[in-house]
1. Inside region 229-247, can you point out the residues that are in contact (Cβ under 8 Å) with a residue 40 or more places away in the chain and open to solvent by less than 90 Å² (accessible area, probe 1.4 Å)?
2. I need the full set of residues from region 244-263 which are modelled with pLDDT of 95 or more and under 31 Å from the mean Cα position of the chain (by Cα), in order please.
3. If only one of Val174, Val167 is aliphatic (A, V, I, L, M) and open to solvent by 30 Å² or more (accessible area, probe 1.4 Å), which one is it?
4. Can you pull out the residues in region 202-216 that are out of contact with any Ser or Thr (no Cβ under 9 Å at 6 or more places or on another chain) and not β-branched (Val, Ile, Thr)?
5. Tell me yes or no: at least one residue of region 150-158 is open to solvent by 30 Å² or more (accessible area, probe 1.4 Å) and within 14 Å of Ala204 (Cα to Cα).
6. Could you figure out which of (1) touching a residue at least 24 places away in the same chain (Cβ under 8 Å); (2) within 18 Å of Val156 (Cβ to Cβ) isn't true of Thr190?
7. Taking the options Leu138, Leu201, name whichever one is crowded, with 19+ Cβ neighbours inside 10 Å, out of contact with any helix residue (DSSP H, G or I) (no Cβ under 6 Å at 6 or more places or on another chain) and under 16 Å from Glu287 (Cα atoms).
Amino acid sequence: MTEAYIWQMEKRAGSGRDSMKVVKKISLLLIVAAAVIVALAVWGPETLARYRDKGILNQIQTQETDMGTEGYRYSLSGNEKVYILSKCLNSQTRPESEQNALTRADADFQDVTGTYAFVANKKETFAEGTSENSGIELCNQGIRELKERGILPEEVEEIREDSYQAVLYSAIDVPEPRNSVLVWKVSLGTAVQNAGGESCLLDAYVDADTGKVYEFYARTEISSWEAVDADGIAAAWAEYMGLETPSEYENANPLSENTPYFKKYCFAGMEDDSTVVTIGFYEGINEIYLKISR
């Protein structure tokens, strides 16, 4: 009995030692796992970031975009667009003849001085799908809308690409370049003008985004200033452009235009300033115009 009892006690003691060994192994594994987790938390993100940076740093990264000449421009109201374009047109020191537009085709905004600039865009910087024909199509869209609203007489014909030139310009607020308006200047060829075409558009500034016509000169069948409803045209054009109702410009200099037949109107502009719009008529050649420049 004594030997059997001793044997049983030794067996139990051996089992206890084995259990202690298992517990120690498990504890050791848990300590190692905790250490690994702590190490990954401390050094893991830094090591991963360093690895990713190797594929980016000291290398030129390229990304294709479809921005063309547009760049980033603020979304401007109708009043702001008209005001900026008016200021840019008035800031020009050289006449915007057809020949001059060709001469300035390589103009660079970096060389521009002053508060407002009117710069011709190079053809190679046009957005994909933009061409001179785009300006012609937008201008025809504008002619149709102006005639529907009674701003242009019905007899004024749509234009053709073979007779007109379209040049894309950026009207830029130089201190804040993102305040810019992209416009097409559409002009009838000099040779065609000299031929004395009737009932045709001569010149126009057309918004490159909306097709709205900011300014135009057109030969018509109207033979006298009395037949021109200047107030009606001003109100219709204001609605067309999304502007507030204009007020008549007071104290207009009678010598400010090359014709005695004109009327000026004031529209709200920017920073408490205003835009002056002129509607006029050249008797003899039956030419009517609406302009936002001087």
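The values are calculated or read from the model by the stated rules, or taken from the named source; none is laboratory data. Not measured: the values here are computed from a predicted model. Glycine gets a Cβ as well: all are built from the backbone with ideal geometry, and neighbour counts include every protein chain shown. Accessible surface is based on the protein model in full, side chains and every heavy atom, while ligands, DNA and RNA are left aside. Shrake-Rupley method; radii C 1.70, N 1.55, O 1.52, S 1.80 Å.
1. Selection gives Ala230, Gly232, Ile233, Ala234, Ala236, Trp237, Tyr240, Met241, Gly242, Leu243.
2. none
3. Numbers: Val167 fails: open to solvent by 30 Å² or more (accessible area, probe 1.4 Å).
Testing whether each residue is aliphatic (A, V, I, L, M) and open to solvent by 30 Å² or more (accessible area, probe 1.4 Å) leaves just Val174.
4. Taking region 202-216 and keeping what is out of contact with any Ser or Thr (no Cβ under 9 Å at 6 or more places or on another chain), we get 206-207, 209-213, 216.
Scanning region 202-216 gives Asp207, Asp209, Gly211, Lys212, Phe216.
5. The initial filter retains those residues of region 150-158 that are open to solvent by 30 Å² or more (accessible area, probe 1.4 Å), namely 150, 154-155, 157-158.
Checking which are within 14 Å of Ala204 (Cα to Cα) leaves us with 157-158.
Checked region 150-158: at least one residue is open to solvent by 30 Å² or more (accessible area, probe 1.4 Å) and within 14 Å of Ala204 (Cα to Cα).
6. Evaluating Thr190 over (1) touching a residue at least 24 places away in the same chain (Cβ under 8 Å); (2) within 18 Å of Val156 (Cβ to Cβ) leaves (2) as the failure.
7. Details: Leu138 fails: under 16 Å from Glu287 (Cα atoms).
Matching residue, one of Leu138, Leu201: Leu201.
Matching residues to (1) in contact (Cβ under 8 Å) with a residue 12 or more places away in the chain; (2) at negative phi; (3) surrounded by 14 or more Cβ atoms within 10 Å (Cβ to Cβ):
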{"residue": "Val213", "(1), (2), (3)": "yes, yes, yes"}
{"residue": "Tyr249", "(1), (2), (3)": "yes, yes, yes"}
{"residue": "Leu255", "(1), (2), (3)": "no, yes, no"}
{"residue": "Cys266", "(1), (2), (3)": "yes, yes, yes"}
{"residue": "Asp272", "(1), (2), (3)": "no, no, no"}
